[in-house]
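Asker: Before anything else, here's the structure in question.
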Amino acid sequence: MDWGPRRRAALVVITLLLASSAPAIVAGQATEGEDLHAQRLDVRVVPASCVTSENCTITQPTHLVEYFSADWCEPCEQVTQQLENISDETVVVLQHHPSPSDVSFLSTSKQRFDQTYRLLFLPSLVVDGTYLLTGTRQAMDLPTVLNNSSLPTSALDSLRVENGTMTWQAPNSTVLRVWYAEPTPHETNGKIHDSLARSMVEVNASAGSMNLSTLPSNPSGVFVVVLEQPGTAALTVASLAPTGSMDLSDLTTDQTGPQDGFGQAGWVMVATLGLMLLLSPALVMHRGLMKNSEHQRHAGSSAEE
């Protein structure tokens with residue numbers, strides 16, 4: 001009997017089953033072999049007025065919330081309002097516009113969205129470089145996440161600003177990212193984003209100093225100084241609530257997409273249905289071959305009798 005078609009059908013089935021069992025890449029997680037040790041070590045806030053003023057008060061926030069949003073994103077408006085209502089002065093919000101469709105788009109914010117955190121949807125909140133909240137519903141759990149997040153360290157206790165020059169002492173294996181943020185008008189509704197990232201400078205922490213006076217700024221802005229271990233962060237999803245988010249992958253073609261995204265569970269279901277459709281021809285072929293083999297056995301038995 002010719003086993004060629006049967007072997008080919010079995011090979012197709014095995015290949016598809018192996019593909020379906022391959023691990024999926026989840027937002028906020030790095031794949032095997034990549035650096036999983038990226039982490040935030042310390043954060044300080046330096047008023048932009050320190051560049052020209054002799055009196056400079058540098059503060060250390062208890063928490064840094066990085067807020068990824070877009071002016072065209074309607075669900076982001078609800079999250080923005082929620083963040084504006086935070087009365088705790090020890091919580092600093094650094095807002096990012098990673099969408100090229102925004103006039104206030106910042107390429108380094110997009111790099112942080114894509115490469116550092118591997119995010120997929122807007123709005124997204126990254127708390128202390130560790131915890132991820134996606135969508136309007138998960139954002140409501142921010143107070144709980146803040147209460148459970150770790151306290152800051154003393155890695156940047158040496159940070160000083162004198163005559164426009166910022167100095168510090170930090171481990172050589174770390175990087176210092178200085179985000180400049182300032183109040184920025186919303187493109188359409190006229191409201192003001194309190195602290196939107198407009199530029200970023202990154203240096204190896206071993207440099208020990210930076211001339212802030214060379215950076216574009218105005219007195220109403222701030223420098224958010226973040227000391228980090230470089231690499232890709234492995235974020236922990238900090239809420240079991242549905243995401244209700246918007247996909248950032250189609251920003252250049254569709255800015256008015258659905259407000260409620262699939263989420264990870266939805267995409268798993270779509271992938272499962274797709275695999276079932278791919279498997280169906282092989283299963284039908286296999287069933288036909290089995291029937292043909294059974295028929296041949298019966299025919300052979302009848303001939304022997």
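Asker: What is the local net charge at residue 99, summed over the other residues whose Cβ is closer than 10 Å to its Cβ (Lys, Arg +1; Asp, Glu -1)? Please report the intermediate quantities before stating the final value.
Answerer: Values: positive: 110; negative: 71, 102.
Neighbourhood net charge equals -1.
Asker: Using a Förster distance of 22 Å, how high is the FRET efficiency between residue 52 and residue 204, based on the Cβ-Cβ distance and rounded to 0.05?
Answerer: Numbers: r = 27 Å, r/R0 = 1.22.
Efficiency for this residue pair is about 0.25.
Asker: I'd like the antiparallel share, as a percent to the nearest 5, of DSSP beta bridges with both residues in the stretch 39-265. Intermediate values should be presented prior to the final figure.
Answerer: Details: 42 of 51 bridges.
In the stretch 39-265, approximately 80 percent of DSSP beta bridges are antiparallel ones.
Asker: Assuming 0.36 nm per residue, please report the length gained on full extension of the stretch residue 111 to residue 148 beyond their Cα-Cα distance.
Answerer: Values: separation 37, 0.36 × 37 = 13.32 nm, distance 2.76 nm.
Going from the current span to full extension adds 10.6 nm.
Asker: What is the list of residues in the stretch 143-168 whose amide nitrogen lies under 19 Å from a point 7 angstrom out from the Cα of residue 211, following Cα to Cβ?
Answerer: Label zone hits: 160-168.
Asker: So what's the net charge close to residue 183: Lys and Arg +1, Asp and Glu -1, counting the other residues with Cβ under 15 Å from its Cβ? Mind showing how you got there, number by number?
Answerer: Working: positive: 191, 198; negative: 71, 84, 182, 187, 194.
Result for the local shell: -3.
Asker: Shifting gears a bit: Consider all pairwise Cα distances in the stretch 67-187 and report the whole-number % of them above 16 Å.
Answerer: 67 percent
Asker: Can you figure out the FRET efficiency of residue 39 with residue 84, using R₀ = 30 Å and their beta-carbon distance, to the nearest 0.05?
Answerer: About 0.60, to the nearest 0.05.
Asker: In addition: Of all the Cα-Cα pairs you can form in the stretch 39-265, what percent are over 33 Å apart? Each step should come with its number before you reach the end.
Answerer: On the way: 3554 of 25651 pairs.
Every Cα pair in the stretch 39-265 considered, those over 33 Å come to 14 percent.
Asker: Could you work out the relative contact order of the stretch 39-265? I mean the mean sequence separation of Cα pairs under 8 Å and 6+ apart, divided by the number of residues, in percent.
Answerer: On the way: 504 pairs, mean separation 66.1, N = 227.
It comes to 29 percent, rounded to a whole number.
Laboratory data are not the source of any read-out in this text; all were calculated from the coordinates shown. All values reported here derive from a predicted model rather than from experimental measurement. Every residue, glycine among them, receives a Cβ derived from its backbone with ideal geometry; neighbour counts consider all protein chains shown.
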